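Coordinate-derived values only; no laboratory data. Note that the coordinates shown come from a computational prediction; the quantities given were computed from them, not determined experimentally. Neighbour counts are summed over all protein chains in view; Cβ atoms, including those assigned to glycine, are modelled from backbone coordinates with ideal geometry.
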Amino acid sequence: MIITLIIAWIVFIILWKLLKATVNTALTLAAILVLLNISFGITPQDIWHYVTQFAQNLSQIQTGK
């Protein structure tokens, strides 16, 4: 019984740290997107378009086209 509680506590702590890191990362990205939008007029769609173009360019370089 005690071992089960200890393992449950360890799993809970690991999940809590993971949740905290995820929320922290999401808030940081949201703040960066808001600052880019306010400062330079760059929208999330612009960033997504650039990322997809970059991925396509990388795949073209790898295939040699």
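Key figures for this structure:
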{"read-out": "The chain: projected area of the alpha-carbon convex hull, averaged over directions, in nm²", "value": "7.5 nm²"}
{"read-out": "Label-point gap, in nm, between Lys20 and Val34 - each point 7 angstrom along Cα→Cβ", "value": "2.3 nm"}
{"read-out": "Degrees, to the nearest 10: 2-40 long Cα axis against longest axis of the chain", "value": "20 degrees"}
